[in-house]
Structure formats: structure tokens, C-alpha cells
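Below you'll find the structure, written out as C-alpha cells, and then a few comments.
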Amino acid sequence: MPATQARPVVTVLPEPPGAPPPLPEPAAGELRLETVLGALSDPLRLRIVRKLLLDREEFDHPCGWFGLDRPKSSLTHHFRALREAGVIRQRQYGLERRSHVRVEDLDTRFPGLLDLVAVWIPESG
């Protein structure tokens, strides 16, 4: 019999008072499965979302927190793709953008999707 694997715990933190308004994003009712899946089809973006789901320390995080060894322009592209698909919400704090997953919106529209992201195991390397 296969060993039972513990379900990862998705961390959801309350929005802090006085947070800046979110950058433009689709409304919850406008989220489209094919668009969300398209954004998550890139392994780097999937890794970003999984880290935000499982390793959050604060309400939202800047790009540097992820520890990704990629050019800033590449990271900007990936974060924008996730935001425009409605997967993450970004807010501008001075010169940096911070991100968090739209857990409630995605769970409402696509139940179980984030559970699949959370149990996904990235390839090493």
C-alpha cells in the first residue's frame, strides 16, 4: 500500500489595514479557466504560486523573496502574466510590487485547483 502523504497547508493571511489598492486585474467573476491554466502552464509561474501558497510569511511578498535567479525583465513578465490571468493580486509599495494568490476568488471559481498546485512537486534542478 502506498504511504499516505500529508496534504500541504495553504497559508491564508488577512489583508493588512491601509494596504495600497491592487493593480489592474480581472474581477473574480471574469476569471476564465483556460486563462488561469495558461498562466500556470509555465513551470516557473507554477513554482511562484506554489511558494506563495505554502511558504508565505507575510500578507504579500516582493519579487526578491522568491529567490529566483532570473533577469528582472523576465520576472516582471511572469508576475504580470499571473496577475493578468487573475491568479495573483499585486500592489505597489513605493518602488516594489508585492504579490499574493487570490485564494478566495480562485477557490470559488475553480474549486480544487489550488489544492492541485499545492500538492504539485517541482522537478529538482
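Since every read-out is calculated from the coordinates, none of them should be taken as a lab result. None of these values were measured; they are calculated from a predicted model. Don't worry about glycine lacking a Cβ; one is built from the backbone with ideal geometry, like all the others, and counts go over all protein chains shown.
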**OP:** Please give the helix 43-55 orientation as an angle from the longest Cα principal axis of the chain, in degrees from 0 to 90, rounded to the nearest 10.
**Re:** 90 degrees
Original post:
Say we join alpha carbon atoms closer than 10 Å with springs in a Gaussian network model of the chain; which of 100, 61, 77 then has the biggest fluctuation?
Top reply: 77
Original post:
How far, in degrees from 0 to 90, does helix 72-85 lean away from the longest principal axis of the Cα atoms of the chain, to the nearest 10?
Top reply: 80 degrees
Subject >> All-pairs alpha carbon distance profile, region 28-119, 10 Å steps from 0, percent >> reply: 16, 55, 27, 2
**OP:** Among 46, 64, 112, pick out the residue whose Cα is farthest towards the positive end of the charge dipole of the chain, where Lys and Arg carry +1 and Asp and Glu carry -1 on C-beta, about the Cα centre.
**Re:** 64
**OP:** Considering only 52, 113, 13, give the residue with the highest GNM mean-square fluctuation for the chain, with springs between Cα atoms whenever their separation is below 10 Å.
**Re:** 13
**OP:** Taking 7 Å along the Cα-to-C-beta vector as the label spot, tell me the residue 57-residue 104 distance in nanometres, rounded to one decimal.
**Re:** 2.6 nm
Original post:
Looking at region 27-125, which GluC sites (Glu not before Pro) are DSSP coil and have at most 14 other C-beta atoms within 10 Å of their C-beta?
Top reply: 57, 58, 123
Subject >> Net charge of Cβ neighbours under 12 Å - reference residue 77; Lys, Arg +1; Asp, Glu -1 >> reply: +3
**OP:** Under 13 Å from a label point 7 Å along Cα→Cβ of residue 74: give me every residue in region 9-44 with its amide N that close.
**Re:** 43-44
Subject >> Residue-averaged 222 nm ellipticity for the chain, from DSSP H runs of 4+ at -39500 (n - 2.57), nearest 500 >> reply: -11500 deg cm²/dmol
